[in-house]
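The values are calculated or read from the model by the stated rules, or taken from the named source; none is laboratory data. Remember, it's a predicted structure, so these values are computed and weren't measured experimentally. So basically every Cβ, Gly included, is an ideal-geometry build from the backbone, and we count neighbours across all protein chains shown.
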Amino acid sequence: MILHLVPCPISGGHFRNTIRYAGSCRDISTQLAQDIVALYSGIASHWIKNHINAEEPRIHIWKWSSNDVSIEHIQLDVQPVISKVIQNWEVRISESVNSAMHYARWQRFPNETGGVLVGTIDIQHKVVQVADLIPSPPDSVEWPTMYIRGSENLRDQIEQKFILSGGDLRYVGEWHTHPQGHSNEPSRQDLEAHQYLVEQMAADGLPGVVLIKGENHEPYVLLDWKP
């Protein structure tokens, strides 16, 4: 069993005023009242004692309200991960993201659709984790055989996810669908668009990642990196 207690922006607002103090170990620090520390450590201790033999992975969040001094327990299912290794990079895609692409593809038939991917990029270990996606902006162009992503309100949505995740989640790439009856194999236009993304991401030393969702259950992954 692994229990990870981290500063969370939704935990009653205790971690809003943070300061950077180092260059590792998440390098975020804040002053926290002793009674709040005791409250959360007591919850964690009690939960561990009652679930020490649990084998299934789970995500639990305890949110304290300072207004009525109450605790809200939020439980989330852990999603399976699709793993692809490309050019010595591992791309881990949450099954929830894969399902969201599948639903968006079905919903937009006969047109193609797409959007952007949100997650983390670990350059040292060469791992890209795709944790979430943002659907097609309203100013996008969707045709049965082509998709051009728009940008309306996109920056604000990415920034919101960045803030809510404590700075963990960021833009990591693009996704789009193929029309009904077509596989997820990239077209010539897909490959050209991917190379453009690679050039743009290379400015920050990051890989360019594109997911293509077609008839196949798992998406096709395009990845290239110019260090």
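Being of a type in the set (S, T, N, Q) and part of a helix (DSSP H, G or I) is the filter here, so list the residues in the range 152-206 that pass it. If the condition is that a residue be of a type in the set (S, T, N, Q) and part of a helix (DSSP H, G or I), then 157, 160, 189, 195, 200 are the ones that fit. For the range 194-207, the criterion of a residue being buried (at least 16 other Cβ atoms within 10 Å of the Cβ), modelled with pLDDT under 95 and in the same structural domain as residue 98 (by TED's automatic domain parsing) is satisfied by no position. Residues in the range 50-71 that are under 17 Å from residue 38 (Cβ atoms), exposed (fewer than 10 other Cβ atoms within 10 Å of the Cβ) and in contact (Cβ under 8 Å) with a residue 12 or more places away in the chain: none.
Residues checked against (1) closer than 21 Å to residue 79 by Cβ; (2) at pLDDT 95 or above:
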{"residue": "155", "(1), (2)": "no, yes"}
{"residue": "163", "(1), (2)": "no, no"}
{"residue": "173", "(1), (2)": "yes, yes"}
{"residue": "183", "(1), (2)": "no, no"}
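Screening residue 62 against (1) within 30 Å of residue 146 (Cβ to Cβ); (2) in contact with a helix residue (DSSP H, G or I) (Cβ under 7 Å, 6 or more places away or on another chain) leaves a single unmet condition, (1).
Kindly evaluate residue 122 against the criterion of being surrounded by fewer than 14 Cβ atoms within 10 Å (Cβ to Cβ), under 16 Å from residue 170 (Cα atoms) and either among the charged types (D, E, K, R) or not assigned by TED's automatic domain parsing to the domain that holds residue 175 (or both).
Values: surrounded by fewer than 14 Cβ atoms within 10 Å (Cβ to Cβ): yes; under 16 Å from residue 170 (Cα atoms): yes; either among the charged types (D, E, K, R) or not assigned by TED's automatic domain parsing to the domain that holds residue 175 (or both): yes.
Taking the combined requirement at face value, the residue satisfies it.
When the range 103-119 is filtered for residues that are more than 10 Å from the chain's Cα centre (by Cα) and surrounded by 15 or more Cβ atoms within 10 Å (Cβ to Cβ), the ones remaining, listed by number, are 104, 105, 108, 111, 112, 113, 114, 115, 116.
Checking the structure you have, find out if any residue of the range 150-173 is closer than 18 Å to residue 106 by Cα and not aromatic (Phe, Trp, Tyr).
no
Counting only strands (runs of 3 or more DSSP E) wholly contained in the range 57-122, the ones carrying 3 or more residues that are within 29 Å of residue 181 (Cα to Cα) occupy 81-86, 89-94, 114-122.
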